[in-house]
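Heads up, the thing below is written out as structure tokens.
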Amino acid sequence: MSVAFPSGYNLERSSTFTHDNNVKVDLMDDGEPRQREMGADAFVSIACEFKYLTLTEKDTLKSFLTTNRAATITWTIDSIDYSGVLIGGHRESMTGSLYNLSFTYRAKEV
């Protein structure tokens, strides 16, 4: 099942993108590296951060994350289309009377 990430939520610029080229390097007994391509696709793990949400915004986003925790999620970020899944759960905190929500999204460009 594939669902689209809800519109109206913009990532904080402090969100980080960790790119995984899907290549593993093994160091041989003689110290030489051996590279293995683990698959055809490269992935990115995005540490998504949303800050200063109202209670309604936080509840809507939290509901989406819990309802679709096992779904493939499509999402356009900075004009790049991604398809991926949520890794682990989400984290919540507060700043004054506003809410912060974060989670990890692992995806590939489509």
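The values are calculated or read from the model by the stated rules, or taken from the named source; none is laboratory data. This is a predicted model, so every value here is computed, not measured. Here the Cβ is made from the backbone with ideal geometry for all residues, glycine too, and neighbour counts use every protein chain on show.
Between Met28, Met1, the distinction of being more than 15 Å from Ser102 (Cα to Cα) and in contact (Cβ under 8 Å) with a residue 24 or more places away in the chain belongs to Met1 only. Taken over the stretch 16-51, the criterion of being over 18 Å from Glu109 (Cα atoms), surrounded by 11 or more Cβ atoms within 10 Å (Cβ to Cβ) and of a type in the set (D, E, K, R) is satisfied by Glu49, Lys51.
Selection of the stretch 51-75 for residues being under 12 Å from the mean Cα position of the chain (by Cα) and within 13 Å of Tyr9 (Cβ to Cβ) yields Leu65, Ile73, Trp75. Could we say that Ser63 is modelled with pLDDT of 95 or more, out of contact with any Leu (no Cβ under 6 Å at 6 or more places or on another chain) and in a strand (DSSP E or B) here? No; evaluated as a whole, the condition is false for this residue.
Checked against the criterion of being at pLDDT 95 or above, in a strand (DSSP E or B), of a type outside the set (Gly, Ala, Ser) and on the phi > 0 side of the Ramachandran plot, the candidates Tyr52, Tyr105, Tyr99 yield just one match: Tyr52.
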